[in-house]
Each structure stands twice: as structure tokens, then as C-alpha cells.
1. Step by step: find N for region A:56-104, compute 2.2 N^0.38 Å, then divide the Cα radius of gyration by it. What's the final number?
2. What's the average, rounded to a whole number, of partner chain beta-carbon atoms within 10 Å of each residue's beta-carbon in A:14-22?
3. If each of A:Asn132 and B:Asp169 carries a label point 7 Å out from its Cα toward its Cβ, how far apart are those two points in nm?
4. If you put +1 on each Lys and Arg Cβ and -1 on each Asp and Glu Cβ, how big is the dipole of chain B around its Cα centre, in Debye rounded to 20?
5. Using the Karplus curve 6.51 cos²θ - 1.76 cosθ + 1.60 with θ = phi - 60°, work out ³J(HN,Hα) for each residue of region B:25-36 in order, rounded to whole Hz, and write x for Gly and Pro.
6. Am I reading the B/A interface right? What is its buried accessible area, both sides, 1.4 Å probe, to the nearest 100 Å²?
7. Return the sequence-ordered ³J(HN,Hα) values of region A:52-60 in whole Hz as given by the Karplus equation 6.51 cos²θ - 1.76 cosθ + 1.60 applied to θ = phi - 60°, using x for Gly and Pro.
8. Please sort by residue number the trypsin sites (Lys or Arg not before Pro) in region B:36-86 whose DSSP state is loop and whose Cβ has at most 11 other Cβ atoms within 10 Å.
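The values are calculated or read from the model by the stated rules, or taken from the named source; none is laboratory data. Everything numeric here is computed off the predicted structure, so don't read it as measured data. Cβ: placed from backbone, ideal geometry, glycine included. Neighbour counts: every protein chain shown. Surface accessibility is based on the protein's heavy atoms, side chains included, excluding ligands, DNA and RNA. Shrake-Rupley method; radii C 1.70, N 1.55, O 1.52, S 1.80 Å.
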There are 2 protein chains.
Amino acid sequence: MNKKSFPLAKVYTLLETGPVVLISTSRKGIANIMTQSWHTMMEFEPPLVGCVISARNHSFDALKSTKECVINIPTVELAKQVVAIGNCSGRKVDKFARTGLTPVRASLVQAPMIMECYANLECRVADTRLVNSYNFFVLEVVKAWIVPAVKAPKTLHHRGKGEFMVAGDTVKLPSRMK
Amino acid sequence: MNKKSFPLAKVYTLLETGPVVLISTSRKGIANIMTQSWHTMMEFEPPLVGCVISARNHSFDALKSTKECVINIPTVELAKQVVAIGNCSGRKVDKFARTGLTPVRASLVQAPMIMECYANLECRVADTRLVNSYNFFVLEVVKAWIVPAVKAPKTLHHRGKGEFMVAGDTVKLPSRMK
């Protein structure tokens with residue numbers, strides 16, 4: 001895999017823009033993937049990510065029982081797979097087989113990383129207090145991987161119903177913000 | 001104001017892409033604004049938005065005591081103001097005066113809306129269970145306003161340290177996702 005370890009303190013730079021992500025899980029040896037946009041950074045370091053995984057999703061049970069997942073960040077080249085994954089259920093379909101995406105062993109969690117995504121964040125569940133009310137999990141990123149060559153990733157940002165904004169130009173302004 | 005009421009059921013289409021937002025508050029008649037990227041949708045309808053407001057921010061106290069705010073969504077034309085707001089504190093500075101942005105009376109909350117932003121979401125605090133641990137507020141959007149002419153807003157998406165990705169092209173794929 002053409003990826004390198006990425007500093008945990010910089011994980012927020014990958015997620016703060018609000019990209020569509022693919023969340024992979026593994027339960028009893030069966031891997032699954034879901035498409036997800038409802039996530040937010042909650043702390044810089046250790047990086048905490050809050051995300052809503054609907055109880056209607058097959059991934060909900062896997063995450064609740066294994067307490068592990070990988071957040072994979074795709075770019076526009078994977079748009080078809082992103083939509084295909086969002087339109088079928090892991091109850092019925094092997095999503096890796098269906099989409100041709102490649103599972104790669106992670107270093108600290110059982111859930112597989114998706115090779116074709118430019119960044120992979122290995123996560124453990126850190127807080128479940130809002131799971132019953134909102135299906136909201138707080139995840140801690142315990143290990144991060146990135147393709148170092150990708151500087152301005154063409155991430156996807158869902159506007160609803162299969163319409164995506166693709167990451168455009170970069171502007172940089174003098175700022176003391178982190 | 002050239003804005004129209006926007007259906008609450010569609011609010012997720014405005015926030016799901018992860019734009020930088022300006023959160024306005026009002027406490028004891030004094031308005032304030034903060035720049036914010038750490039937010040996520042949590043429910044479609046009524047729309048719930050989770051967001052982290054650091055206790056270091058002056059806005060934290062206003063939100064905690066008044067339980068009201070407005071989420072304003074700026075576009076790239078406001079990039080300088082977005083950064084300026086993120087680089088000073090409401091403890092010392094009147095941010096409306098400093099940036100020249102225009103406060104407009106909201107319909108259901110005391111916090112002002114920012115006229116120059118293409119969308120404004122009037123919010124009330126709905127859940128504070130994770131405030132002590134993570135400064136994480138669950139907000140309910142009680143009224144939404146939008147400039148109807150803006151179809152593909154050039155929103156800003158923070159990559160950290162004043163570097164922003166600007167919303168680029170739109171791609172649409174057949175999908176059954178909401």
C-alpha cells in the first residue's frame with residue numbers, strides 16, 4: 001500500500017472540510033462498508049470524531065458490538081462506488097465484492113481499510129452516551145494513514161439525493177486559527 | 001432581506017457538505033459571531049445539528065445561557081470576514097462593527113442573522129449532555145432562510161490554518177440515498 005502513517009494531531013485537516021466518507025467494519029470475519037456524511041471533529045488530539053450511524057444500517061450492529069471501524073476518505077474517482085455502497089445493504093450484499101474495492105488489513109483494529117481511498121483512519125468507539133437518543137458515536141482515531149502525494153484531494157461533499165459537490169480551488173488567508 | 005423561508009426537511013442539504021459556518025449569538029443585547037467548522041447533521045426532521053463550541057470561545061457562555069443561536073452559511077466572497085471573525089474574540093471586539101457584516105432580526109430567536117450569508121438557520125439548544133465532556137451542543141433548527149437564487153453555493157471548507165477548499169463542480173449520480 002502506497003500510504004504512510006499520518007500524525008494524529010493533523011487528522012482534523014482531513015475531516016474538517018466535511019467529505020463523504022466510507023466507514024468499514026468487520027464482525028465475525030464479515031467486512032462491510034457504509035457511505036456516511038454526518039460526522040464532525042470533536043477534539044484535536046487525541047482526535048475524536050462524532051458520527052451518526054443509523055440503527056437502520058447493518059454497520060450499526062457491527063460498530064456497537066466490535067467498537068471498531070475505519071473511516072476511509074474517497075475522492076471523486078470513486079463516486080460510483082460511493083453511491084453504490086449507499087444504495088445496498090450489507091445484510092444482503094458483500095460490498096467489497098460488489099464494488100471491486102480492496103480490503104487491506106489495518107494495524108490496530110479488525111475492520112479493514114479500503115486501499116483505493118487516499119486516507120484511512122483506524123477508530124475505536126470512545127463514548128456511546130448519545131447512541132440510544134441519536135445513533136451518535138464518539139470515535140477516537142488511534143492510527144491514521146495517507147497517500148502523501150495527495151495535497152488537495154478532490155473529495156466528495158453530499159448535497160443530498162446523489163448530488164455531490166466536488167472539492168474545488170484552494171484559497172489561503174493569513175490566520176491564527178488552528 | 002432577499003431571503004425566503006426554507007423547508008426544515010431540507011436543511012440537511014445545506015450542512016451535509018461541511019461548510020464553514022458563522023454562529024451568531026446575543027446575550028444581554030450584545031451580539032457576537034464565531035467561525036466554526038466542527039458540526040454535523042444528526043437528524044433530518046426536525047433538523048438537529050451537533051456542534052462543538054469551545055469553552056475558550058466567548059460564544060460558549062452566550063449559547064449556554066441563552067440556549068439560542070443562528071447558524072449562518074457564508075460563501076467565498078466573505079472569506080476575509082470569516083478569517084477575521086476567527087482571529088479575534090467577542091470579549092474585546094464588536095465583530096459586526098469590525099467586519100461590516102449586517103445583523104438582521106431573526107423570527108424565533110434573539111440571536112441576529114447575518115444578512116450577507118446566503119443561508120441562516122435559527123437554532124435552539126436541544127441537548128447538553130455532552131457539553132461538559134466535549135463542549136458539544138445538540139441544536140434544533142427551528143426556522144431556516146435562504147436566498148433562493150443560490151443553487152450551487154461557493155461555500156468554504158476549512159483544511160486548517162486559514163487554508164480553505166472552495167466548493168467546486170457538481171456531479172449527480174442516480175441514487176436512492178436521501
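1. Details: Rg = 11.5 Å, N = 49, 2.2 N^0.38 = 9.7 Å.
For region A:56-104, the normalised Cα radius of gyration is 1.19.
2. 5
3. Once both label points are built, they end up 4.8 nm from each other.
4. 220
5. 9, 8, 9, 6, x, 9, 8, 8, 9, 9, 8, 8
6. The contact between A and B buries close to 5200 Å².
7. So the Karplus estimates, Gly and Pro as x, are 9, 10, 4, 5, 6, 7, 4, 5, 4 Hz.
8. Details: sites: B:Arg56, B:Lys64, B:Lys67, B:Lys80; in loops: B:Arg56, B:Lys67.
The qualifying sites are B:Arg56.
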